[in-house]
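Quick notes on the structure that follows.
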Amino acid sequence: MTAPESLRAPARSGRPSLRHGQAPVVAVVALGGALGATARYALSVHWPTPPGGFPWATFWTNVVGCAVIGVFMVVITDVWAAHRLVRPFFGTGVLGGFTTFSTYAVDIQKLVDHGRPAIGLTYLAATLLAALTAVWLASTATRRVLKWRQP
């Protein structure tokens, strides 16, 4: 006698379990995120923002992080057949932990709260423009350098 359909164990889908397939990815993202966030925190400690002042540390962290993302993505997609954990470790983990949307949003709120809405709006727009420009310039420059170096 067989168990009714509702009591049977689900069939295996062929996908790897979290323990076997995704655990290494989660681990490298966590490790990379810890490294990136620590680097960002260290930068903010060494370059603090005075109350009502322009948050240069967060601005440059996000711009530099976006430039590195541009170079990294070109290298791992166009040049180097990277190990499957490199992108989650460095791209998602390190660079995701290093760049920061949450601090950017809090910085804008702090500027508004300190009666500096014009600086807050300038920071909002400048960060977006500079970060997008940085990723575009870095990826374009990387492709050009790689094309130039080809025999």
note = Residue set T38, T61; condition open to solvent by 50 Å² or more (accessible area, probe 1.4 Å), closer than 30 Å to Y104 by Cβ and modelled with pLDDT of 90 or more; output residue T38
request  = Can you give me the number of residues within the stretch 100-124 that are touching a residue at least 60 places away in the same chain (Cβ under 8 Å) and buried (at least 20 other Cβ atoms within 10 Å of the Cβ)?
outcome  = 2
Test: L128 is exposed (fewer than 13 other Cβ atoms within 10 Å of the Cβ) and farther than 30 Å from A23 by Cα = yes
ask   = Looking only at residues in the stretch 66-98 that are open to solvent by less than 60 Å² (accessible area, probe 1.4 Å) and free of Cβ contacts under 8 Å to residues at least 40 places away in the same chain, which one is farthest from the chain's Cα centre (by Cα)?
value = A82
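The values are calculated or read from the model by the stated rules, or taken from the named source; none is laboratory data. Nothing here was measured: the structure is a model prediction, and the numbers come from that model. No Cβ is skipped: glycine too gets one built from the backbone with ideal geometry, and neighbour counts run over all protein chains shown. Heavy atoms of the whole protein, side chains included, go into the accessibility calculation; ligands, DNA and RNA do not. Shrake-Rupley method; radii C 1.70, N 1.55, O 1.52, S 1.80 Å.
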